[in-house]
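Following: one structure in C-alpha cells, then a few remarks.
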Amino acid sequence: MEPGGALMAERLLEVEDLSVHFATVDGTVKAVDGVSFELERGKVLGIVGESGSGKSVTAMTLMGLTRDVNAHFGGEVRYKGRNLLELSESEMQGYRGNEIGMIFQDPMTSLNPVYRIGEQIVEAIQAHDKVDKRVAKRRAVELLKQVGIPNPESRVDDFPHQFSGGMRQRAMIAMALSCNPDVLIADEPTTALDVTIQAQIIELIGRLKDDFNSAVIMITHDLGVVAEIADEIIVMYAGRVVEQAEKRDLFYDPQMPYTWGLLGSIPRLDRPKPERLHSIKGAPPSVINAPAGCKFRPRCPHAFEKCVDEPALENRVEKPGHLDRCWLDVEVKRALRDATISGDTQEAA
C-alpha cells in the first residue's frame, strides 16, 4: 500500500522500446520504432495519429497478430510481468481473448456474413471456456443486452447484414468482452459511424470498462474522441511517440507542432466558423526512407537548423510525465502554437 493507506494501482501492461519492422522487397518498413508506455487497471490510454503512424500495428503486436517470417521485433511487451514477445503461438492463444481482447476497426469485415451473430459470439466463448453451446448462447444473449442491443433474445439469431453499423460495432464489443479480458483494445471503434452513434459507443466502452474493472487502449485519428474517455494520450507519428501526457495537460499545454496540427483540425463550436479547417501540409513520410532528424521536420512550419538531429522523447516542461520530441524552447512553443490552433485549447479538455 502507498503512504496514507491508498491501494497502489495494478499495472497490467508495460511496453518498453517496442519496435516492429517488416522486411519487404523495397526495404525495411519501420512500422513501430521505439514505443514505450504503461497501462494500469481502470485507466484508458488514447493513441492518436494519422493513418500510417503505427497505431494499429502497435495494438496488433500486443495481440500477437503481426507475427510473420518477415516481421522482426525489438523491446518488450510485459503483461502482468510476462514478456508476450517471447511466447509461442500456442502460449499466446491463452492470452488472446482471455486476457487481452480487441475491437477491430470495421465490424462488417471482422464479422463472418454467413454466420449468425450469436454463433460467432458462442464460438469465441467456447474457444476459451469449456462450456456447452446452450450455456454459451445464454452468455451471448447477456452480453448483447449489456452492450445495448434491443431484444437480444431474438437478435442473437440475426445475421450481420441485419444489424445497423452501430449495432454491428456493439456486437463486436460483446465478442471482445466474451471472456472478460483485463485489457480491451479498441482500434478506431467509431470509424464510419455518425456522431450520435460515436458518442454512444464511447460512453458504452467507458461504462463497460468500469463494469468489468478492465483497462482500455483507445486507438483513433481523432483527438476529439479521446477527449471524452482517455486518462492519458500518446501522439504517434511515423512509428514513433512524439508527445505523451495526461489528457488535461495535452489539451491545455500541447508541446509538439504535430499535436497542434491535430488540434487545429477539430471544428470549434465556441468560435466563428472558419472558411476552411486547418490542415497539416504535406503527407506522412515513408517509414522505409524516413527523413533524417525530426520525422515531422519536412511538414513543420517551425523547423529550424537543429531539427536535422532527432530530439529525444523527454520532459521539457514543468509538468512531470509530459514528454515531447521538439527542439523549440518551451516559451517559444507557447507563443507559436496559438497561430496553429484556432482559439483556446483549454476548453477542449
In the stretch 87-98, which residue that is open to solvent by less than 40 Å² (accessible area, probe 1.4 Å) and modelled with pLDDT of 90 or more is farthest from Ser164 (Cα to Cα)?
Leu87
Can you run down the residue pairs with Cβ atoms below 7 Å, 6 or more apart or on separate chains, where the first is in the stretch 286-305 and open to solvent by 40 Å² or more (accessible area, probe 1.4 Å) and the partner is of a type in the set (S, T, N, Q)?
Ile288/Thr28
Using the structure shown, decide if Ser56 is within 30 Å of Trp260 (Cα to Cα), open to solvent by 80 Å² or more (accessible area, probe 1.4 Å), out of contact with any Leu (no Cβ under 7 Å at 6 or more places or on another chain) and touching a residue at least 40 places away in the same chain (Cβ under 8 Å).
no
Considering only the stretch 102-120, state which residues are of a type outside the set (Phe, Trp, Tyr) and within 16 Å of the chain's Cα centre (by Cα).
Met102, Ile103, Gln105, Asp106
Quick one: count up the residues across the stretch 172-190 that are β-branched (Val, Ile, Thr) and either assigned to a loop (DSSP other than H, G, I, E, B) or surrounded by fewer than 17 Cβ atoms within 10 Å (Cβ to Cβ) (or both).
1
Scan the stretch 27-46 and report the pairs whose first residue is open to solvent by less than 10 Å² (accessible area, probe 1.4 Å) and whose second residue is of a type in the set (Lys, Arg), with Cβ atoms within less than 8 Å and a gap of 6+ or a chain change.
Val35/Arg240; Leu39/Arg11; Val44/Lys209; Gly46/Lys247
The condition of being in a loop (DSSP other than H, G, I, E, B) and either open to solvent by less than 10 Å² (accessible area, probe 1.4 Å) or modelled with pLDDT of 90 or more (or both) holds, among Gln255, Gln244, only for Gln255
Filtering the stretch 191-217 for residues that are closer than 21 Å to Gly264 by Cβ and open to solvent by less than 10 Å² (accessible area, probe 1.4 Å) leaves a count of 0
Could you grab me the full set of residues in the stretch 99-122 that are of a type in the set (S, T, N, Q), open to solvent by 50 Å² or more (accessible area, probe 1.4 Å) and either modelled with pLDDT of 90 or more or in a loop (DSSP other than H, G, I, E, B) (or both)?
Gln105, Asn112
Is it the case that the stretch 319-340 has a residue that's surrounded by 12 or more Cβ atoms within 10 Å (Cβ to Cβ), among the charged types (D, E, K, R), more than 19 Å from Leu250 (Cα to Cα) and touching a Lys or Arg at 6+ places or on another chain (Cβ under 8 Å)?
no
Every residue from the stretch 123-171 that is open to solvent by 10 Å² or more (accessible area, probe 1.4 Å), closer than 30 Å to Ser90 by Cβ, part of a helix (DSSP H, G or I) and not polar (S, T, N, Q)
Glu123, Ala124, Ala127, His128, Lys133, Arg134, Val135, Lys137, Arg138, Arg139, Glu142
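The values are calculated or read from the model by the stated rules, or taken from the named source; none is laboratory data. Owing to the predicted nature of the structure, the values given are computational and were not obtained by experimental measurement. For neighbour counting, all protein chains shown are included, and Cβ atoms are generated from backbone atoms with ideal geometry for every residue, glycine included. Remember, those area values only see protein heavy atoms, side chains included, never the ligands or the DNA or RNA. Shrake-Rupley method; radii C 1.70, N 1.55, O 1.52, S 1.80 Å.
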